[in-house]
Amino acid sequence: MPKNLNLTDNLEQYIINHSDDLTEIQKEIINYNKSLGDQKKLQISISQAQFLQSLIKISNTKKILEIGSFTGFSALSMALALPPDGQLISLDKNHEYSEKAKKFYEKANNKKIKQIVKPALESLNDLQVSSEIFDLIFIDADKENYIKYYNFSMNLITQGGIIIIDNVLWHGEVVDKSNDDKLTNIIRDFNKHIKNDIRVTKNIIPVGDGLTICIKK
Ligand SMILES: C[S@@+](CC[C@H](N)C(=O)[O-])C[C@H]1O[C@@H](n2cnc3c(N)ncnc32)[C@H](O)[C@@H]1O
């Protein structure tokens, strides 16, 4: 059986150096996030952003829902991969992050992103009531609500649409049997929930902190 690569920081940098260049505003968001100290870890990795962009292009996605936007790196990256008539709705409850993200979208002159700033479960309920349907949903908010976000997403995604969930490998902790902490168990339970859902085909990609790709049958 082939052995998997040990993805060191050097190798990750090599991957970034040999993939598409980021736009100036993407770089600006990353630099801003770095200035926030520990919170910078909330942002998806550059490789993840580029992987999402490829998925969006391959799947001809036009309408995206993002749950958890922080300062806008993932939303802007995905919006950049959308066609001219594409749209992205981004959900976050944090006003400060959302204001900052808004400024970056404006600076990038990106008019495809619509922000909704309130607890995501409320927004998801509103979207369901108004019968909104998306081609791709990216879940990257509070882990405690992951199963609820996923269940809402199953009602909001088109047939053949893609639901992508971040942090499913939880820094590798999911396989550490000595780890019994609350969040690790939440992620393990979530992964079991997806595994048992016969309505989707699914696989986990070890990019960044692990992305699950679900395709609704
Ligand atoms: C991991 S960060 C998202 C990172 C973002 N996708 C990126 O790559 O830059 C999680 C975000 O979820 C938001 N969040 C946490 N709980 C939430 C909730 N109940 N409703 C809406 N947003 C929430 C936080 O404010 C935070 O901005």
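Points to keep in mind about this one:
- Segment 89-123 - residue that is touching a helix residue (DSSP H, G or I) at 6+ places or on another chain (Cβ under 9 Å) and of a type in the set (Ser, Thr, Tyr) and, of those, farthest from Lys62 (Cα to Cα): Tyr97
- Cβ-Cβ contacts under 9 Å between residues 6 or more apart (or on different chains), taken from a first residue in segment 23-45 that is of a type in the set (D, E, K, R) and part of a helix (DSSP H, G or I) to a second residue that is near the ligand (Cβ under 9 Å from one of its atoms) and modelled with pLDDT of 95 or more, are listed as Lys40/Asn33; Lys41/Asn33.
- Any hit, segment 181-191, residues being farther than 29 Å from Ser130 by Cα and either modelled with pLDDT under 95 or not in a helix (DSSP H, G or I) (or both): yes
- Only residues that are within 8 Å of the ligand (Cβ to nearest atom) and more than 9 Å from the chain's Cα centre (by Cα) were counted across segment 63-76, and they come to 4.
- When segment 154-169 is limited to residues that are free of Cβ contacts under 8 Å to residues at least 60 places away in the same chain and within 16 Å of the ligand (Cβ to nearest atom), the one that is surrounded by the most Cβ atoms within 10 Å (Cβ to Cβ) turns out to be Ile165.
- Which listed residue, of Leu65, Leu5, is outside any helix (DSSP H, G or I), in contact with a Phe, Trp or Tyr (Cβ under 7 Å, 6 or more places away or on another chain) and either crowded, with 22+ Cβ neighbours inside 10 Å or of a type in the set (A, V, I, L, M) (or both): Leu65
- Residue within segment 77-84 that is within 14 Å of the chain's Cα centre (by Cα) and in contact (Cβ under 8 Å) with a residue 40 or more places away in the chain present: yes
- Scanning segment 77-94 for residues that are more than 6 Å from the ligand (Cβ to nearest atom), in contact with a strand residue (DSSP E or B) (Cβ under 6 Å, 6 or more places away or on another chain) and either part of a helix (DSSP H, G or I) or not polar (S, T, N, Q) (or both) returns Met78, Ala79, Leu88, Ile89.
- For segment 95-118, the tally of residues that are more than 11 Å from the ligand (Cβ to nearest atom), assigned to a helix (DSSP H, G or I) and not charged (D, E, K, R) stands at 1.
- Cross-chain or 6+ apart pairs with Cβ under 7 Å, segment 54-71 first and touching a residue at least 24 places away in the same chain (Cβ under 8 Å), then in a loop (DSSP other than H, G, I, E, B) and within 15 Å of the ligand (Cβ to nearest atom): Ile56/Ala81; Lys57/Ala81; Ile67/Asp140; Ile67/Ala141; Gly68/Asp140; Gly68/Ala141; Phe70/Gln43
- Restricting attention to segment 32-55, the residues that are within 13 Å of the ligand (Cβ to nearest atom), over 14 Å from Asp140 (Cβ atoms) and out of contact with any helix residue (DSSP H, G or I) (no Cβ under 8 Å at 6 or more places or on another chain) add up to 2.
- Any chance Leu121 is within 18 Å of Tyr146 (Cβ to Cβ) and part of a helix (DSSP H, G or I): yes
The values are calculated or read from the model by the stated rules, or taken from the named source; none is laboratory data. These numbers were taken from a predicted model, which means no experiment stands behind them. Counting neighbours? That spans all protein chains shown, and the Cβs are built from the backbone with ideal geometry, glycine included.
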